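No value in this document is a laboratory result; all are computed from the given coordinates. All values derive from a computational prediction rather than experimental measurement. No Cβ is skipped: glycine too gets one built from the backbone with ideal geometry, and neighbour counts run over all protein chains shown.
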Amino acid sequence: MNDLLFHHHIYPLRHKLYRFALRITGNAHEAEDVVQEVMEKVWKQAPEQSQSVQNWEAWCMTLTRNRSVDKTRRKNSTPLEHAPEPGHADTPSSAVESQDMICQIQALMQRLPEKQRLVMHLRDVEEMAYEEIAKTLDISLDQVKVNLHRARKTIRQSLLTYIS
């Protein structure tokens, strides 16, 4: 891996990789460790392997997912959701309502099956394309669409029940 390639293609992904690792591990320190390990692995990669990578973002996201899942399985614990960022609102009451809604959605996302949760995170939070999600999670494009549809439908139905 050369310095220029690393700084232009890999290093700018660190925040996205961290958010993804945090979503899976549920622990900020573990997510930081995962990103550090992924960055180190990419940096130490042999030059001939670097030439075979076509999409650096998808490849790094895949490495991050695999490493995060390994860490989570090793701990044999359920991932916990991190605290949401407070939103900008016009009034204090609308800020509280927004914060409550964000917390509710995050809690609902945590109850989704793993594939649905990961697909929804990659699409709606990380704003990745369907094709990139398919490569990252090593599933078909149809599976991405089905999992996203089911995840959104479940969240929508749960929110309607919560609001009513």
- Dipole of the chain [Lys/Arg +1, Asp/Glu -1 at C-beta], most positive-end residue of GLN51, LEU159, LEU13: LEU159
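Local charge sum around GLU57 (other residues, Cβ-Cβ under 12 Å, Lys/Arg +1, Asp/Glu -1)?
-1
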- Message: I'd like to know which of THR64, ASN2, ILE24 lies farthest towards the positive end of the charge dipole of the range 1-78, counting +1 on Cβ of Lys and Arg and -1 on Cβ of Asp and Glu.
- Response: ILE24
- Over the chain - Rg/Rh using Cα atoms and the Kirkwood inverse-distance radius: 1.01
- Query: Which value, in debye to the nearest 20, gives the size of the charge dipole of the chain about its Cα centre, when Lys and Arg are +1 and Asp and Glu are -1 at the Cβ?
  - Reply: 640
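Taking the Cα centre as origin and putting +1 on Lys and Arg beta-carbons and -1 on Asp and Glu beta-carbons, what dipole magnitude results for the range 90-164, to the nearest 20 debye? Don't skip to the end; give the middle numbers.
Details: 10 positive and 11 negative charges, 86 e Å.
It comes to approximately 420 debye.
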- Message: Below 8 Å between Cα atoms, with a sequence gap of 6+, how large is the relative contact order for the range 1-78 in percent?
- Response: 42
- Query: Given the C-alpha centroids of the range 98-164 and the range 1-34, what is the distance between them in whole angstrom?
  - Reply: 21
- Query: Got the relative contact order for the range 90-164 handy, in percent, Cα pairs under 8 Å and 6 or more residues apart?
  - Reply: 33
